[in-house]
Amino acid sequence: MSIPMSRTRRSWMNALSLVICLIHILPFYILLTTSFKADDDLSSKWNFPGYLYLDNFADAWREANLASAFKSNLIVTVCAVFLIVVVGSIAAYPLSRRQTRWNKFIYALFVSALIVPALTILVPLYKFMVDIGGMNRYWGIVLLHVTFNLPTTIFLYTGFISTIPRELDEAAMIDGAGRLSLFYRILLPLLKPITATVIILSGVAVWNDYTFSVFFLQHVDTRTITVALSAFFTQFSSNIGWVAAGSLLAALPMIVVYLFLQRYFIEGLASGAVKG
């Protein structure tokens, strides 16, 4: 039997929720005010300008060559997210359905990889990428993103597939479906919520990546948005307005993706963590 929440406790919870929302909204508000201000506007960053200075967007697009950077981001993100979803879902299916000792060990190995920070192995990783010719190559950084996002993906998919009754598999196999056909025709359509969650989590991580991009995509024709915008910060000067405008442009694609997939996001995230 649930105990009703007291009015005082509810008020504190609402106040805490409001504070958390403000903490997340304020940086975005400052980003907006900065991106629409002229260089000679020295007013407080908290004051929204009474005009819209759109030259920051045009200058950032031109000076950072954001057209090429957006192309690089799009190629890397789409390829990486596609492989993460396909490989992660296929790997999670046997780990969820066949609870053998070996599968449990493999699953534990994947989950334990979540605690390994990428920066701790950056030096050997850099040498490895040089040896295989992956420097300044899209396929090289896609391989890195897939590798480092698979543990979380497998964790979420395994937990979600565990909530799907096994009787569904048995019924499909009685009708003559093979394992691969069963997965793609029966289970995959049921994985929409967790797939949307994986797309959002991995997509945002890949799209906003700076650590891998700055080391492994150093050529001007392959650099991503984050690396391109970082060129506005030098030892002796910085153009905050250009960076803010470029960051706002860079955020728009992920905002659009989230708006399309948001109804699946919470459901998939909660279900994927229940039995994972």
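The values are calculated or read from the model by the stated rules, or taken from the named source; none is laboratory data. These numbers come from a predicted model, not from an experiment. Here the Cβ positions follow ideal geometry from the backbone for every residue, glycine too, while neighbour counts run over all protein chains shown. For the accessible areas, the whole protein counts, side chains as well, though only heavy atoms, and no ligand, DNA or RNA atoms are used. Shrake-Rupley method; radii C 1.70, N 1.55, O 1.52, S 1.80 Å.
Length gain on complete extension for the stretch T147 to A231, per 0.36 nm per residue less the alpha carbon to alpha carbon distance?
27.5 nm
Once you place label points 7 Å from the Cα toward the Cβ at K192 and R166, how far apart are they in nm? Result for the modelled spin labels: 2.8 nm. Fraction of C-alpha pairs exceeding 12 angstrom in the range 7-53: 67 percent, rounded to a whole number. In straight-distance terms, cross-link reach from K37 covers every one of the lysines whose alpha-carbon lies under 29 Å from its own, apart from those fewer than eight places away in the same chain; here that gives K45, K71. Once the chain from L109 to I240 is taken as fully extended at 0.36 nm per residue, the excess over their C-alpha distance is 42.8 nm. The lysines whose alpha-carbon is closer than 21 Å to the alpha-carbon of K127, local same-chain residues fewer than 8 away aside, do not include any residue.
The alpha-carbon atoms of the range 57-272 define a convex hull whose volume equals 145 cubic angstrom per residue. A run of the chain free of exposed loop cleavage sites, with chymotrypsin sites (Phe, Trp or Tyr not before Pro) counted only in DSSP states other than H, G, I, E and B and at most 13 other beta carbons within 10 Å, reaches its longest extent at 52-209.
Considering only protein heavy atoms and a 1.4 Å probe, what is the carbon-and-sulfur percentage of the accessible area of the range 57-272? Ligands and nucleic acids excluded, carbon and sulfur give 69 percent. With θ taken as phi - 60° and the Karplus curve 6.51 cos²θ - 1.76 cosθ + 1.60 applied, the whole-hertz 3J(HN,Hα) list for the range 32-48 is 5, 4, 6, 5, 9, 9, 6, 4, 8, 7, 9, 5, 4, 5, 7, 8, 6 Hz, x standing for glycine and proline.
At a 1.4 Å probe radius, which order do R98, R263 fall into by accessible area, largest first?
The ordering from most to least exposed comes out as R263, R98.
Partner lysines whose Cα lies under 21 Å from the Cα of K192, excluding those fewer than 8 positions away in the same chain, are identified as K275. Per residue, the solvent-accessible area of the chain (1.4 Å probe, heavy atoms of protein chains only, all protein chains present) comes to 59 Å².
Output wanted: per-residue J couplings in Hz (rounded whole) for the range 67-76, from phi through Karplus 6.51 cos²θ - 1.76 cosθ + 1.60, θ = phi - 60°, x for Gly and Pro. These are the phi-based 3J(HN,Hα) values: 4, 5, 5, 5, 4, 4, 4, 5, 4, 5 Hz.
Taking the longest Cα principal axis of the chain as reference, the axis of helix 138-161 is set at about 50 degrees.
Counting Lys +1, Arg +1, Asp -1, Glu -1, what net charge surrounds D175 among other residues with beta carbon under 14 Å of its beta carbon?
Charge balance in the 14 Å sphere: -1.
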